[in-house]
Each structure stands twice: as C-alpha cells, then as structure tokens.
1. Using a 10 Å cut-off around each Cβ of peptide A:118-128, what is the average number of partner chain Cβ atoms that fall inside?
2. Trypsin sites (Lys or Arg not before Pro), restricted to the range A:202-241: which are DSSP loop and have at most 14 other Cβ atoms within 10 Å?
3. Distances longer than 41 Å among the Cα atoms of the protein assembly as shown: what percent of all pairs is that?
4. Starting at 0 and stepping by 10 Å, how many percent of the alpha carbon pairs of the range A:99-168 end up in each bin?
5. Where a Cα-Cα gap under 18 Å defines reach, which aspartates and glutamates qualify for residue B:161, not counting those fewer than 8 residues away within the same chain?
6. Given the -39500 (n - 2.57) contribution per DSSP H run of 4+ residues, what per-residue ellipticity at 222 nm results for chain B, rounded to the nearest 500 deg cm²/dmol?
7. On the accessible surface of the range B:16-81, probed at 1.4 Å, how many percent belong to carbon and sulfur atoms?
8. Report the percentage of all Cα-Cα pairs in chain B whose separation exceeds 24 Å, rounded to a whole percent.
Amino acid sequence: MAAESVQDPILEIEELVMAFGGLTALMNIDLCVPRGRIKAVIGPNGAGKTTLFNIITGVFPPTEGLIRFNGRAISGCKPHHIAALGISRTFQTVELFNNMTVLENVMTGRHLRIRSSFFGSGLALPSLRRQEKGLVEQAMALLEFIGLAAKRDIMADALPLGERKILEIGRALATDPQLVCLDEPAAGLNETETEAAAHLIQAIRQKGITVLLVEHDMKMIMDISDEIAVLNYGEKIAEGTPREIQNNPLVIEAYLGQGGGFDIR
Amino acid sequence: MLRIHKAPMLAGALLILFFPWIARQLPTISHYPDLMVFAGIYTLITLGLSLLMGYAGQISLGHAAFFGIGAYVSGVLSTQFDCNPWLGMLLGAAVAAMVAVIVGAPSLKLRGHYLAMATLAFGIIVNIVFREEARWTGGPDGMIGIPGLSLFGLALDSAEKYYYLVWGIVAAVFLFSVNLIQSPAGRALRAIHASEAAAAAMGIPIARYKVIVFAYSAVLGSLAGSLYAHYMNFINPATFDLFFSIKLVIMIALGGMHSIWGALVGAIIVAFLSLEWLHYFEEFEVVVYGAILLLVTIFMPEGLVGAPAKLMARMRR
C-alpha cells in the first residue's frame, strides 16, 4: 500500500484498534502521514474519524496498536504532553475559550512556548512582564496571518461561525505545531467561508506544517489534499491521491450505499 | 471578562486607608472598623474562591473547612504548645495546602455536581473532626484563650489596629491575584473553565493547575481562619460549618463570580448583612440569604460588579 513506501513520515499509525466496550470504533488501522503534506481522512458519519483524532491527540489511549510521531511512540501519552511534542488540533464542535477575547485565545495557545509560573505571575516578576509584551506581538502576528487582527478585542463567542473556525485554527498554530489535526474545518460554513478556510490550510502547508484533515466537503478535500484515506465502519477501505480515491469502487459504494445520491466526483 | 484597572484599585486603597478616620467622625458607624475586620477576613477567602470558582470554574462547597483548619491549627498551637501565633499561622497554611492537595488531586477529576458533592462532604467531615476531637479542639464548646497578635512588639489589641493588619494582607493578596489573572497562568485557569479538552490540546496541564488553584484558595482560607481566631480569641465549630461554606458561595455569587472585584464587594456586603443589618430577622436570616442567592442567580448572573455593564449594554440596544 502507498502508506508503507512514504519517505520521512511525520506520523505513523500501526494496527490501531479502538474498542468502547463492545463497540469497535476502529479496526486495525494503518495510516501514514507524510511530512509537509495535507492528508485527508474521509468517510461517512460514524466511520471513526473523530475517534482517530482523539487517539492521536491523547484524549484516550488506544485499545491496541502503536502511534509514532517523528519516530517516537506517543500512544497513551496525555493530551498536554502530545501538544508539547508538536501536535495541535481543532475540534468538530468549535471549542474556543468563549470567556476570552480573540487575542487572548491565541495568546493562550502559546502556553507551551512560554514560561508560566503560578507564583511568579502573582508576584509580577519583571521577566514575566516582558514576556507578556512579546506574547502580544506574537499573537498579533498570528492574527494577521489568519486575517482576524481587526477583531482582536472581540469576545470569541461573538464571532460568526466561519471566523470561529478560523480562530480555532489560529489558536492551534500558536502552539508552534509540526502537525495540525483539523476536525471538519468547513462544517457549517458557506461557500465563501469554506474557500477562506481552504486558502488558510494551504498557507499552513506552505509554512512547512503538516496537516491532517477530517472533512465532509468533497470539493475542498479534492482541491487541497495531497493524499486521502477513507474510513468506513472503523476500517480503512482505501488510500491514495484524490484522483485514485475518486475512481475507487469501494469508496463510491461506501458513500452511495450510505447517503444515497452522494457524488464524490 | 472585566478588565482590572489601576484607578479603582487606587481609590479602594485610599478608602481603606481613611475609613477608620471617617468612621471616628460619625458616631453611628464608629463600630464599623470592627465589622470591616470580619469583612476583610471574608474577603481573603472569597479572593481565593473567586479564582477557583469564577476563573477556573471548579466548584467548592467546603471552604469553611480550610477557614476552620487555619483557625484551629492557630488556636491549638498557640494555646496548648505556646507556639508563636505567626508561626502557627504559617503552619496552619501549610496544613491547609497539604489537605487541599490530598483532597483535591482525586476530587478535582470530578466535574459539576459531583465535585460539589465531594467538597460538601469534605467540609462536613472536617467539621465533625472539630466537634469530636475535644481533647484538642474543645469539642462543640470550642476553645477560649487564644492570644492576640502583635507586630514588632506592638500589640494589635484594638479593632482599628487589627483592621490595618487584615486589610494590608487583603491588599497584598488582591494585587497578587490581579497579576495572576492577567498572566499566562490566569489565562490557563480561564481556559480550563471554558473547555478542558481545548485547554489540554494547547498543552495546559489541567490536573496540575486545578490542584494548584485549589491549594492556593485553601491557603487563603486558612490565613483568614488564623486571623479570625487571633482576633476573636475564641472559636467553636459552628463558625466553620456547612452554612458558612454556602455563605461564601453567596458572597461571590452576589459580588460577581467572574471578576476579582466581585469577591471584594460580595464579602463586604455579606459581612455587614450577617453582622449588622440582618439581626432583625434572627433565625429567618437564612431565608434572606436564600432569597438573595435566588434573585442574583435569576436577575444578575454576573453579580453586582457585572450588573452595570450589562445594564448599559441593554440600554444601548
């Protein structure tokens, strides 16, 4: 299979199994994410895509199998450890810090890359105050990159959905990740907003950051992905370039059989 | 999130500084510095609770326990072991921090109602210990003869002197908390409140932060307890019961949970209500508190401190 021949993979998943009680959400998944590319994971609802993300980012440990990031086993690590290693993510149901402004959301994303001591902060140590100034600048640079600089002081929950999704991506980027996992960045967005999200994802790739993408918007997937893996009922049924996937009979059957009249071409 | 400005802090500091002088000019409020000692003691606890509940979003219905731990450690050490009161106060804070870590590490994994129940039970258990360990604590009758405090040879033997001690500590803690809120650590706490999943994905060690802020609030509760014991010279378990834990929650709910100012406003108002203005109601005092909590929750979820901004926003619309 294509995955095994990839040179310099950033993320390798081997024989991953995830069972919740009697329900097997993922069965023997092998997946490889090449460095610096956009890899998409698609599949009908309930195929196990979000579960896969949750395992990669440490929300729960896999029942069986191995995940390697930069050659290092990470399966079973806690989410904040995995974030520190360089994997960041967004959530299917936008999980912004709604009690903060746009700027503060991105600043909080920098948590890993700064020093933060509870008592040092309380005593307002000069070094921490200087750091805070630099932090604002870094966060503003990121807001410029994602195009939300003008909204810096607006509360996160006051933004329209499209911008909330973009902000969540920006917050993920603030952690200086090597790999970002985007869980349905275009869900619920209109065409213009989807296009903006697609542009942003491509810009992220150009920065040298690897993108792992779960998405239902087929046009977006086909436009921007370098590689696609297809899950159905917890199993990987296909993997390849967008063109290969579009012509794969198993994939067409999985989608048509499930939704009816769904044209992935 | 309400911003913390320097101007109101300065105004507050001046008011605190001159309040005893003002009170002396007006006979009807000449005893207010005494009330303000208690208000300051309550504020110390609510400043911690505000960080724990309002900022980090972790409920506690057992903080009377830490208040009591401070009071009893100070009381027992100074009366039965001739321990220096300041040292007793430090040891009380250390004990409170230790208890908070031991209790907090497992129970802060719980959320919402479950955490409320766990802390409620913890508060009740500690109160039972105060009542039953009569050999040390004097049991339900309490203990008398706790010495007062003195600072550099100056005995803090009047309400006014004690007032300055308590409010000096409150000011320092307030400043510390303000710095904390506007720092990465403060944002981490608010992040945990908003979304634990996202906070963890940003690399914030959630469990650690929860335990630290719980211990911090416990230490403040304990300091308040020690200050109370050395001021009253007498303590008994009834002061540190479940009702006081609830009263603390009423304080920060009334003042406004999402702002550190709320802790200050709520504690002062409830102190005056319970020590002065509600005497008329006698046993029905509880009903008044119930009504306050109900009305605040329904009509002013942001508390008194958040209400003006909300009202302005509504008028503009």
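1. Details: counts 13, 5, 5, 11, 12, 4, 7, 2, 0, 0, 4.
If you average over the peptide's residues, the count of other-chain Cβ atoms is 6.
2. Details: sites: A:205, A:207, A:219, A:236; in loops: A:207.
Listed in order of number, the matching sites are A:207.
3. Details: 60426 of 169071 pairs.
Every Cα pair in the protein assembly as shown considered, those over 41 Å come to 36 percent.
4. It works out to 20, 48, 25, 7, in whole percents.
5. The reachable aspartates and glutamates, counting only those whose Cα sits under 18 Å from residue B:161, are B:34.
6. Numbers: 14 runs with 226 residues, N = 317.
Taken over chain B, the calculation gives -23500 deg cm²/dmol.
7. Answer for the range B:16-81 is 71 percent, counting heavy atoms of protein chains only.
8. Details: 26740 of 50086 pairs.
Cα-Cα pairs in chain B separated by more than 24 Å: 53 percent.
The values are calculated or read from the model by the stated rules, or taken from the named source; none is laboratory data. Everything numeric here is computed off the predicted structure, so don't read it as measured data. Heads up, the Cβs are rebuilt from the backbone with ideal geometry, glycines too, and the neighbour counts pull from every protein chain shown. With ligands, DNA and RNA removed, areas are computed over all heavy atoms of the protein, side chains included. Shrake-Rupley method; radii C 1.70, N 1.55, O 1.52, S 1.80 Å.
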